[in-house]
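> Below is one structure. I have some questions about it.
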Amino acid sequence: MAITVAKFGGTSLANTKQILKVKEIIQADEHRRYVVPSAPGKRTPDDEKVTDLLYLLQRSAEYGHDYETVYNKIRTRFTEIRDGLGLNIKIEEYLKEILEKILAGADADYAASRGEFLNGLLLADLLGYEFIDAAEVIFFDKRGKYDAAQTISALSKRLKDCPRAVIPGFYGSMSDGSIKTFSRGGSDVTGAIVAAAAGADLYENWTDVSGFFMADPRIVKQARKIDTITYKELRELSYMGASVLHEDSIFPVYQAAIPINVRNTNEPDAPGTMILPTIEEDEGGRVTGIAGKKHFTVLTIEKNGMNAELGFGRRVLACIEKYSIPFEHMPSSIDTLSVVLEDGLVKDSISDIIDDIHRVCEPDSVEVVGHIALIATVGRGMVSNVGTAATLFTALADAGINVRMIDQGSSEMNIIVGVSNDDFERALNAIHDAFAPKEAQGR
């Protein structure tokens, strides 16, 4: 039988009504054999996520603050879900044990992971699936790094004899048995790991949106939905700010060439977006998506004959590395080199960095431009498609937007432009409208 791994986000499991939707989705397809739940998310915009409450509970206990109020909120959330689902599981006993461990000194990772743990118990009981504690099958090494080899071996063996199971997202265990979590949003990572270990045919990621859009729909109101996208395109867009999927969740399924289907729990009949290893196009490349981030500083170093000076770029980067600041991009020409840095990381060190560059590299000039936004226009093979760059820059020019930086290099995957922070939203809309067919916008 084909295997589908279905991961459900926090909004999909926020209350009884949502969990019953999830039950219907799972039971609608017998191939959905392994389920990865998040902790309950917000029920309303002004609500609190259970994970945030658990972090607060641990901090309150650690610093001797009132923890009972927070604990009662958490207990109420889970008992209401249990009672609303008509289950008999003694969730209060699990909650009591969790509180006792936190009061005894359990750390933030343990506390935060309990939202997924408890939601997993409830969902397994509701579905009649086996519950597999992620701490028993997902492992981190002594440095706290995810141990892929040990995890895939142990999890594959466990799933082989388990036809249907619920495995909580977000956490695993260290070699000493202590709980270790992934970064926030890490249930996406768990879902991908389970899909890889199970040899799944499909990894479904159920959330509160009907797939990816060509641009952020909060900024571009008529953003076109993306039907298919490759792993590499997703990686580029995620890096530049697109946030539907946890960035690290791509790798386990990418290595196993497992397709990802991003779906909407509240619109289960919508096909969502398919993320595939490769996509064959009948014609030239095209733009898949546009994403960007604000608040960058661009250092432009100019020196006549720079290209012939051995080690010049290395010395520039060494001056920046001295202050523990990574660079984002580094476009260059014969006599100029630009280095793009995050505003927040560089603001306290910018004068010292410039002084070091003047002393070590002896440039003709160093120009600093702050408050820059970077926008990536991403698509498979689009750079080889005649007219892509012309369409992009014409759209920005027609919108009266000045381009402060261009970074394309030899990549056929994206073109990055730098514009003023103040022009960011207008630029996203202008680029989207230039490449999205009018009849497809808003769908």
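> Can you divide the C-alpha Rg of segment 217-280 by 2.2 N^0.38 Å and report the result to two decimal places? Working shown, then result.
Values: Rg = 12.2 Å, N = 64, 2.2 N^0.38 = 10.7 Å.
Rounded to two decimals, the normalised Rg is 1.14.
> Here's a follow-up. Taking amide H atoms as placed 1.01 Å from N in the peptide plane, list the residues 5 or more away in sequence, or in a different chain, whose amide H sits under 5 Å from that of H329.
V340
> Could you give the length gained on full extension between K232 and D133, defined as 0.36 nm per residue of separation minus the Cα-Cα distance, in nm? Provide the component values of the computation, followed by the final result.
Details: separation 99, 0.36 × 99 = 35.64 nm, distance 3.19 nm.
So the chain would gain 32.5 nm between K232 and D133.
> Output the peptides 116-122, 46-52, 160-166 sorted from most to least packed, where packing is the average of other Cβ atoms within 10 Å over each peptide's residues. Before the final figure, lay out the partial values.
Numbers: 116-122: 25.1, 46-52: 17.1, 160-166: 14.9.
Descending mean neighbour count gives 116-122, 46-52, 160-166.
> Using θ = phi - 60° and the Karplus curve 6.51 cos²θ - 1.76 cosθ + 1.60, what whole-Hz ³J(HN,Hα) does each residue of segment 61-69 get, with Gly and Pro shown as x?
5, 5, 9, x, 8, 5, 9, 5, 4
> Express the accessible area of the chain per residue in Å², computed with a 1.4 Å probe while the remaining protein chains stay in the model.
Details: 20210 Å² over 443 residues.
Per residue, the chain has 46 Å² of solvent-accessible surface.
> Quick one: Kirkwood hydrodynamic radius for segment 291-414, alpha-carbon pairs, angstrom, one decimal? Before the final figure, lay out each step's value.
Working: mean 1/r = 0.0633 Å⁻¹.
About 15.8 Å for segment 291-414.
> Shifting gears a bit: What three numbers, in Å, describe the spread of the alpha carbons of segment 258-328 along their principal axes, ordered from the longest?
59, 33, 23
> In addition: Can you work out the Karplus-derived ³J(HN,Hα) for every residue in segment 421-435? Use 6.51 cos²θ - 1.76 cosθ + 1.60 with θ = phi - 60°, whole Hz, and x for glycine or proline.
Coupling constants for segment 421-435: 3, 5, 9, 4, 5, 5, 5, 4, 5, 5, 5, 4, 5, 6, 10 Hz.
> Place +1 on the Cβ of every Lys and Arg and -1 on the Cβ of every Asp and Glu in segment 253-370, take the dipole about the Cα centre, and give the residue among L299, I275, S349 whose Cα lies farthest towards its positive end.
S349
> Dipole of the chain, Cα-centred, from +1 at each Lys and Arg C-beta and -1 at each Asp and Glu C-beta, to the nearest 20 debye? If you can, show how the numbers build up before the last one.
Working: 48 positive and 65 negative charges, 192 e Å.
That gives a dipole near 920 debye.
> Another one. Packing-wise, with mean Cβ within 10 Å as the measure, how do 312-322, 369-379 rank, highest first?
On the way: 312-322: 16.9, 369-379: 22.5.
The peptides rank, most packed first, as 369-379, 312-322.
> For segment 204-257 and segment 128-168, what is the separation of their C-alpha centers, rounded to whole Å?
26
> Place a +1 charge on the Cβ of each Lys and Arg in segment 16-65 and a -1 charge on the Cβ of each Asp and Glu, then give the dipole magnitude about the Cα centre in debye, rounded to the nearest 20.
Values: 9 positive and 8 negative charges, 32 e Å.
For segment 16-65, the charge dipole is close to 160 debye.
> Then there's this: Two decimals is fine: what's Rg over Rh for segment 36-98, C-alpha atoms, Kirkwood radius as Rh? Spell out each step's value before the answer.
Details: Rg = 12.4 Å, Rh = 12.6 Å.
Rounded to two decimals, Rg over Rh is 0.98.
> If you place +1 on the Cβ of every Lys and Arg and -1 on the Cβ of every Asp and Glu, how big does the dipole about the Cα centre of segment 202-283 come out, in debye to the nearest 20?
Details: 7 positive and 14 negative charges, 63 e Å.
Computed about the Cα centre, the dipole is about 300 debye.
> Moving on to the next point. In nm², what is the average projected area of the convex hull enclosing the Cα atoms of segment 93-221?
Numbers: hull surface 41.7 nm².
The Cα convex hull of segment 93-221, projected and averaged over all directions, gives 10.4 nm².
> To continue, here is another question. Send over the Kirkwood Rh of segment 12-171, from the inverse of the averaged 1/r over different Cα pairs, rounded to one decimal Å.
Numbers: mean 1/r = 0.0603 Å⁻¹.
After inverting the pairwise mean of 1/r, the radius is 16.6 Å.
> Cα centroid distance between segment 290-352 and segment 1-65, in Å?
One Cα centre to the other: 42 Å.
> If you don't mind, another one. How do 145-151, 76-82 rank on mean C-beta neighbours within 10 Å, highest first? All intermediate terms of the calculation are to be shown ahead of the outcome.
On the way: 145-151: 15.7, 76-82: 17.9.
Result, highest mean first: 76-82, 145-151.
> Quick check: residue separation of E68 and K160 times 0.36 nm, minus the Cα distance between them. What number comes out in nm?
28.9 nm
> Let me ask you something else. What is the percent carbon and sulfur in the accessible area of segment 23-105, measuring with a 1.4 Å probe over the protein chains and ignoring ligands? Let's see the in-between values first.
Working: 2000 of 4590 Å².
Carbon and sulfur together cover 44 percent of it.
> Among DSSP beta bridges lying fully in the chain, give the percent that are antiparallel, nearest 5.
Values: 38 of 61 bridges.
Counting DSSP beta bridges with both partners in the chain, the antiparallel share is about 60 percent.
> Return the Rg/Rh ratio of the chain with Cα-based radii and a Kirkwood Rh.
Numbers: Rg = 24.6 Å, Rh = 24.1 Å.
Looking at the chain, the ratio lands at 1.02.
> Starting from the Cα-Cα distance between I279 and R59, subtract it from 0.36 nm times their residue separation and give me the gain in nm to one decimal.
Working: separation 220, 0.36 × 220 = 79.20 nm, distance 4.74 nm.
Result for the pair: 74.5 nm of gain on full extension.
> Could you go through segment 396-403 in sequence order and give the Karplus-derived ³J(HN,Hα) for each residue, using 6.51 cos²θ - 1.76 cosθ + 1.60 with θ = phi - 60°, rounded to whole Hz, and x for Gly and Pro?
Working through the residues one at a time gives 5, 5, 5, 8, x, 9, 7, 8 Hz.
> Would you be so kind as to identify which of F170, V220, A149 lies farthest towards the positive end of the dipole of segment 107-226, taking Lys and Arg as +1 and Asp and Glu as -1 on Cβ and the Cα centre as origin?
After comparing all options, I get V220.
> Compute the Rg/Rh shape ratio of segment 146-272: radius of gyration over Kirkwood radius, all on alpha-carbon atoms.
Values: Rg = 15.6 Å, Rh = 15.8 Å.
Computed over Cα atoms, the ratio is 0.99.
> So which of K17/K160; K17/K73; K73/K142 end up more than 28 Å apart by C-alpha?
Numbers: K17/K160 32 Å; K17/K73 19 Å; K73/K142 34 Å.
Violating the 28 Å limit, Cα to Cα: K17/K160; K73/K142.
The values are calculated or read from the model by the stated rules, or taken from the named source; none is laboratory data. Since the model is a prediction, treat every value here as computed from it, not as a measurement. With ideal geometry, Cβ positions are generated from the backbone for all residues, glycine too; neighbour counts draw on all protein chains shown. When the accessible area is computed, the model is the full protein with side chains, heavy atoms only, and any ligands, DNA or RNA have been set aside. Shrake-Rupley method; radii C 1.70, N 1.55, O 1.52, S 1.80 Å.
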